[in-house]
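K.L.:
Below is one structure. I have some questions about it.
The values are calculated or read from the model by the stated rules, or taken from the named source; none is laboratory data. Since this is a predicted model, take the numbers as computed values, not measurements. Glycine gets a Cβ as well: all are built from the backbone with ideal geometry, and neighbour counts include every protein chain shown. Just so you know, the surface numbers come from the protein's heavy atoms only, side chains and all, with ligands and any DNA or RNA stripped out. Shrake-Rupley method; radii C 1.70, N 1.55, O 1.52, S 1.80 Å.
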Amino acid sequence: MEKVYLDNAATTQVRDNVIAKMQEALSQMYGNPSSTHSFGRSAKTAIESARKTIAKYLNAHPSEIIFTSGGTEADNMILRCAVRDLNVKTIITTKIEHHAVLHTAEDLEKEAGIKLQFVHLDAEGNPDLNHLETLLKADDSKKLVSLMHVNNEIGNILPIDEVCDLCHKHDAYFHSDTVQSIGHYPWDVKKTPVDFMTAAAHKFHGPKGIGFAFIKRNSGLKPMISGGSQERGFRAGTESFHNIVGLEEAFTSAYDLLEDEMAYVQDLKQYFITRLKQEIPGVALNGLSGDMEKSTYTLANVRLPIDPQKALMLLFHLDIKGIACSKGSACQSGSEGVSHVLAEILKEEDLKKPSIRFSFSKFNTKEELDYTVQVLKSFVEN
């Protein structure tokens, strides 16, 4: 049976060089990074080297990189600490954010009494920046805007420089969940001066359970996890050294190979969309995922012309045929009902049709995409 992995927005295959680097770290550099002897010092040196490497690629300062267990922890840390430490009284976001942001903001509304406001969206899922500015000007309360750079389900790319300008114009903090864009797009935090952003290594061919938060220097945030001096006192606990080493290796590979790999994956996406439209009349792309300029090159959210009852078997059928994909975020794959993202932007009749997210990487081939299109065509027609 053919095996085709098209769920790279959920997680990615780890590069061989990353695995080798982590194995070396596990076998040879097992000292506690907080220990003062040579075993500990060598581990600590490697961690700080990783921090400097990441900072260099982002044009950031090493002290602005805080290692976390991944994007969800980093999002929680930033939102919760901003309310606690920065006198943030209003969080402005959208209803199509990742739940790491959306649920945290909802919890803060209940727990801390902050005002939670949602930016209007157009029919394709883009935030209305005129409405954002209206919300920013509404009162004098300290505000935090949280808008993801690349939507993890429909792939829309936020005009992030414009949002940065609006936030700074109105003296608001700006946090962006950049989990789907770090490792896939170049970054310069001096040119795009976000206050906070987040990353997860497993989205760019690194290990799971490790990521980082970018927190601008002198932000005023204080530790969320106490109990030790690790991560400059910001996040206590013995560092996941081998994962940090793996993160660095995956990060440098992603950016050193970015131009070629971006072109390759972009060609795959265009090919997939073209073949779908040729073989399946009535197929549609959700959000802007069919737009090669305004959507990420890494995913396509496809709506198929299938009866709702038949649609219930679609993912099962694809899995039986060896094709891995998803309805949306892997973090909510076991939940009932439609994606909260699609529920916000699709008409009721379109929501009844099955929508599938296919996401691509350097490890995919056009032959795999041909097979996937034929399996989908057969399912639609029979």
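K.L.:
Give the peptides 192-203, 253-264, 55-66 in descending order of average Cβ contacts within 10 Å, highest first. Show your work: numbers first, answer last.
P.N.:
Numbers: 192-203: 25.4, 253-264: 15.7, 55-66: 17.6.
Most protected by this proxy first, the peptides run 192-203, 55-66, 253-264.
K.L.:
Further, regarding this structure: Which percent of the accessible heavy-atom area of the chain goes to carbon and sulfur, probe 1.4 angstrom?
P.N.:
Here it works out to 50 percent.
K.L.:
Then there's this: Packing-wise, with mean Cβ within 10 Å as the measure, how do 293-305, 120-132 rank, highest first?
P.N.:
293-305, 120-132
K.L.:
Relative to the present Cα-Cα distance, how much length would full extension add between Thr134 and Ser378 at 0.36 nm per residue of separation?
P.N.:
So the extension gain works out to 82.9 nm.
K.L.:
Quote the FRET efficiency, to the nearest 0.05, computed for Lys3 versus Lys110 with a Förster distance R0 of 35 Å and r equal to the Cβ-Cβ distance.
P.N.:
Efficiency, rounded to the nearest 0.05: 0.20.
K.L.:
Quick check: pseudo-label points 7 Å beyond the Cα along Cα→Cβ at Phe316 and Lys277, how many nm apart are they?
P.N.:
So the label points at Phe316 and Lys277 sit 3.3 nm apart.
K.L.:
Something else about it: If you count only protein heavy atoms with a 1.4 Å probe, what accessible area per residue comes out for the chain, rounded to a whole Å²? Intermediate results must be reported in sequence, preceding the final value.
P.N.:
Working: 16500 Å² over 382 residues.
Result: 43 Å² per residue.
K.L.:
222 nm [θ] for the chain, helices only, -39500 (n - 2.57) per DSSP H run of 4+, per residue, to 500?
P.N.:
The helix contribution divided over the chain gives -12500 deg cm²/dmol.
K.L.:
What length, rounded to one decimal in nm, is gained on full extension from Gln309 through to Ile19, with 0.36 nm per residue of separation minus their alpha-carbon distance?
P.N.:
That pair, Gln309 and Ile19, stretches by 100.1 nm at full extension.
K.L.:
If I take every Cα pair under 8 Å that is 6 or more residues apart in the chain, average their sequence separation and divide by the length, what percent do I get for the relative contact order? Could you put the intermediate results ahead of the total?
P.N.:
Numbers: 710 pairs, mean separation 90.9, N = 382.
Rounded, it is 24 percent for the chain.
K.L.:
Next question, about the same structure. Mind ranking Glu24, Glu367 by accessible surface for me, highest first, 1.4 Å probe?
P.N.:
Listed by decreasing accessible area, they come as Glu367, Glu24.
K.L.:
Something else now. Of Lys52/Lys190; Lys277/Lys347; Lys208/Lys327; Lys208/Lys277; Lys190/Lys269; Lys95/Lys277, which ones are farther than 28 Å apart at the Cα?
P.N.:
Checking Cα-Cα distances, Lys208/Lys277; Lys190/Lys269; Lys95/Lys277 exceed 28 Å.
K.L.:
Oh, and also: Of Ser226, Pro193, Thr238, which is farthest along the charge dipole of region 170-288 in the positive direction, counting Lys and Arg as +1 and Asp and Glu as -1 at C-beta?
P.N.:
Ser226
K.L.:
Additional query: By average Cβ neighbour count within 10 Å, what is the ranking of 27-40, 311-324, 149-162, 208-221 from highest down?
P.N.:
149-162, 208-221, 311-324, 27-40
K.L.:
Here is a follow-up. Is there a quick way to get the dipole size of region 230-340? I mean about its Cα centre, with the Cβ of Lys and Arg at +1 and of Asp and Glu at -1; what is the value in debye to the nearest 20?
P.N.:
Around 620 debye, computed over region 230-340.
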